[in-house]
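Undergrad: Below is a structure I'd like to ask you about.
What follows is calculated from the coordinates using simple rules that are stated; it is not laboratory data. These figures come from a predicted structure and were not determined experimentally. Cβ atoms come from the backbone with ideal geometry, glycine included; neighbour counts cover every protein chain shown.
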Amino acid sequence: MFHSSFCFGSAGSFVLVIGSFLNPPAGGGAERQIVRPVNETQRVALTGNIRPEATPRNDLGAVDDDLPLDHVQLLLRRPDAVQQQLDAYTESLSDKSSANFHQWLTAGELGQRFGVAEQDIDAITGWLALHGFHVDQVYPNRIAIDFSGTAAQVREAFQTEIHNYEVNGVRHIANNTDPTVPAALAPTIAGIVSLHDFRPRPMFKPRRPQYTFDSGGEQNAVTPGDLAAIYNLKPLFSSGHSGKGQTIAVIEDTNLYSTADWTTFRKKFGLSTYTSGSLKQVHPAPKSGTSNCSDPGVNADGDDSEATIDAEYASAAAPNAEIEVASCNNTNTTFGGQIALQNLLNGASTPPALISISYGDCESDNGAAANAALSNLYQQAVAEGVSVFVSSGDEGAASCDANQPSATLGISISGYASTPYNVAVGGTDFEDTYLKESSTYWSGTNSSTYESARGYIPEIPWNDSCAGKLLASYESGSSVAYGEKGFCNTATGDGYMTVDSGSGGPSACAKGTASAKDVTSGSCQGWAKPKWQSLVGVPSDGVRDIPDVSLFAANGVWGHYYVYCFSDPDNGGSSCNQSPSNWASAGGTSFTAPILAGIQALVVQKWGRQGNPNPIYYKIANSEYGSKGKSSCNSSLGKDVASSCVFYDVTAGDMDVNCTGSHDCYRPSGENGVLSTSDSSDKPAFSAATGWDFATGIGTLNAYNLVFSKDW
């Protein structure tokens, strides 16, 4: 067992002396990495741990020394050889020829086989205790430690100060420099996941206000019945594949505003006839130690709208499933959703087989430590047989410019969606309005459950921006969006100055540190391309590319959007005691992640847990598309698309957005340009194309054919 002693070194520094008479690690875990005495005067910086907003311009000075910093997450690092073993094991879980096929692990088994050596954990927790921290939890995965203390203790132990900042009129706290740790501990410490209170953003966009319900009926709004008709869920439900016995966890940092909204949604849209469908709100506790998950109530950030979307539309795709709203309160340092996910995967019970996450932050903003923590969590989920679905984003290929009227920071994607272990779910719109064929695809009246879609509808990438060639052509007669006379520089185009659109792009700053604020630069590197991401259209760029699959996500630019029951008047809700035409309405990939999780729940009902389904998705798509694509599965065929297709290849349109500035912006003249992979020519970021593309990934799907594919 571990032995240590403490003594004072020169200049009064603490020295932690680790005994040399240690036993080998138990089980198949890692060899020790901490092999030297811990000298406080010899330190290493944990780079990639500063928020870009933590600038002198925004700095309001240090926080009080006694400010509590509860449930800080310390991410540990496996030895390279052990990480390689885990990577190989994770890959083998979806290989039918492997003895490891679907041999899921518990969190404890993962820790024993692939965790950090127990002696190294003892050394780190001993060092934390030495500096006055309370160690709340050493997770069974042996890769994360939860601890609490004060701002003064963080300054003393990690030699970084916590300051107050004001960003766009909102007060925040964050560390002002990269934290440091003693060099002896550094081989086992990957980083502090968060020393700030900047939260990821929810991935939904309110409906564009100029669009209303069609006078001929509620045909522009997409309801659960429409969803079932478009993506061929109806025959699944009829055959008993509706999610019975499955649990879908939606990860949140808030409770629902009202659970009655979920019940009303199901009743109004005919889902309550699936009597096994249920809802519960949980605040998952860790397996042991001090609980770090408190009931968040309805948080002040307005995220209850996100939670409502997630719960209702997961149920729309799997109406007989149990929907579990898993939420924890945010702390001064840690996103409550991340605590909830960590505890679900490391709890006393087997985690749900399906998890949906509809939050995000661009890779460089999120930071190397937080990106690595997400990758580790998602990889653990896969090892436990859990499928993780994450919204790809709502800002085209400009994730660092989220919620801005124009892209200025170049190409970037969400760090929440870019890991190799999750399904990144993108967004589409419907092409019928552009084609002037709406009556072909929508009935003029609604059914009793507000369904009007006649069946599959041709799809294009969701794109609200004036830079989109289809929108520019429809409104101006020319697809040219840039230049003094381009659509983005006209009075009409000014009404479409936004980055709101489905997201995709290459992973470029999951690791390293950007040298320019919010811009992929400096030592930035992306996650390596997983072996399964091979398909016609996937670039040979060596990095993880997203999205994987896309579904309808638009918020009304072509007249189509989602409605949901959300009665919180303070956050855009309205009473549900009226027609759905007056309910809350929105779009965004917040809808697509829980919907695809719901569809995957039908796969799990038939075939069992799948872990990461991406290897199978890409295998099916490769068989279907071949080396050149398959014309009969082209989404633009609409009602004439082949009935045998599993995936529908989206080939028309783009998700390009308007831009200004000098980063990935083609602006030959005029105030506004278009986001481009070249500054000197128009190379849209990005267009739909045959096979896989950055705009929609593999494309969209026929749920029935996916569930009954023999590749599972």
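Undergrad: On full extension of the chain, what length is gained from residue 632 through residue 130, given 0.36 nm per residue of separation minus the C-alpha to C-alpha distance?
TA: Length gained, residue 632 through residue 130: 174.1 nm.
Undergrad: Quote the relative contact order of segment 4-198 in percent (integer), defining contacts as alpha-carbon pairs under 8 Å separated by 6+ residues.
TA: Relative contact order here is 34 percent.
Undergrad: Work through the residues other than residue 278 whose Cβ is under 11 Å from its Cβ and net out their charges, Lys, Arg +1 and Asp, Glu -1.
TA: Surrounding charge for residue 278 is +1.
Undergrad: Relative to the first principal axis of the alpha-carbon coordinates of the chain, what is the inclination of helix 80-92, with its axis defined by its Cα atoms, in degrees from 0 to 90 and to the nearest 10?
TA: Taking Cα atoms only, the helix is inclined about 30 degrees.
Undergrad: Take every Cα pair under 8 Å in segment 378-473 that's 6+ residues apart, average their separations, divide by the length, and report that relative contact order as a whole percent.
TA: The normalised contact order for segment 378-473 reaches 23 percent.
Undergrad: Using only Cα atoms and rounding to the nearest 10 degrees, what angle (0 to 90) does helix 118-130 make with the longest principal axis of the chain?
TA: 80
Undergrad: When the helix-only estimate is applied to the chain (DSSP H runs of n ≥ 4, each -39,500 (n - 2.57), divided by the residue count), what is the mean residue ellipticity at 222 nm, nearest 500 deg cm²/dmol?
TA: -6500 deg cm²/dmol, from helical runs alone.
Undergrad: Also: Once you sort the root eigenvalues of the Cα gyration tensor of segment 4-198 as a ≥ b ≥ c, which label holds: rounded (a/c under 1.5), prolate (a/b larger than b/c) or oblate (the other case)?
TA: oblate
Undergrad: Short version: ³J(HN,Hα) in whole Hz for each residue of segment 479-484, in order, from phi by Karplus 6.51 cos²θ - 1.76 cosθ + 1.60 (θ = phi - 60°), x for Gly and Pro, what are they?
TA: Using θ = phi - 60°, the values come out as 7, 7, 9, 9, x, 4 Hz.
Undergrad: How high is the FRET efficiency from residue 36 to residue 106, r the C-beta distance, R0 25 Å, rounded to 0.05?
TA: According to the calculation, E is roughly 0.15.
Undergrad: For residue 183 and residue 484, what is the calculated FRET efficiency with R₀ set at 35 Å and r taken between the beta-carbons, to the nearest 0.05?
TA: 0.05
Undergrad: Ignoring trypsin sites (Lys or Arg not before Pro) that are buried or in helix or strand per DSSP, and keeping those with at most 11 other beta carbon atoms within 10 Å, what is the longest stretch of the chain between them?
TA: Longest stretch, sites excluded: 97-435.
Undergrad: How tilted is helix 304-317 with respect to the longest principal axis of the chain? Cα atoms for both, answer in degrees (0 to 90, nearest 10).
TA: The two axes meet at around 60 degrees.
Undergrad: Measuring from centroid to centroid over Cα atoms, what is the spacing of segment 66-122 and segment 599-674 in Å?
TA: Between the Cα centres of segment 66-122 and segment 599-674 lies a distance of 32 Å.
Undergrad: Using θ = phi - 60° and the Karplus relation 6.51 cos²θ - 1.76 cosθ + 1.60, list the HN-Hα couplings for segment 240-253 in order, rounded to whole Hz, with x at every Gly or Pro.
TA: For segment 240-253, the Karplus-derived couplings read x, 9, 10, x, 4, x, 9, 10, 10, 9, 9, 8, 9, 10 Hz, x marking Gly and Pro.
Undergrad: If you don't mind, there's one more thing I want to ask. Give me the number: length gained by fully extending residue 643 to residue 454, i.e. 0.36 nm times residue separation minus the C-alpha to C-alpha distance, one decimal in nm.
TA: 66.6 nm
Undergrad: What FRET efficiency comes out for residue 275 versus residue 579 if R0 is 30 angstrom and r is the Cβ-Cβ distance? Round to the nearest 0.05.
TA: Step by step, r from the Cβ atoms, then E = 0.75.
Undergrad: Just need the relative contact order of the chain here, percent rounded to a whole number, with Cα pairs under 8 Å and 6+ apart.
TA: Taking the mean separation of contacting Cα pairs over the length of the chain, I get 15 percent.
Undergrad: Next up: What distance in nm lies between label points placed 7 Å from Cα along the C-beta direction at residue 491 and residue 528?
TA: My value for the distance between the label points is 5.7 nm.
Undergrad: Rounded, prolate or oblate: which one fits segment 149-275, using the alpha carbon gyration tensor with axes a ≥ b ≥ c (rounded when a/c is under 1.5, else prolate when a/b beats b/c, else oblate)?
TA: Here segment 149-275 falls in the prolate category.
Undergrad: Still on this structure, please answer the following. Of the cross-linked pairs 529/606; 267/436; 205/628; 96/529; 469/630, which ones have a Cα-Cα span greater than 27 Å in the structure shown?
TA: 529/606; 267/436; 205/628
Undergrad: Report the full-extension gain for the segment residue 164 to residue 475: residue separation times 0.36 nm, less the Cα-Cα distance, to one decimal in nm.
TA: Between residue 164 and residue 475, full extension yields 107.3 nm more.
Undergrad: Which shape class, rounded, prolate or oblate, goes with segment 361-410 when its Cα gyration tensor gives a ≥ b ≥ c as root eigenvalues, a/c under 1.5 marks rounded, and past that a/b bigger than b/c marks prolate?
TA: It is oblate, given that a/c is not under 1.5 and a/b is not larger than b/c.
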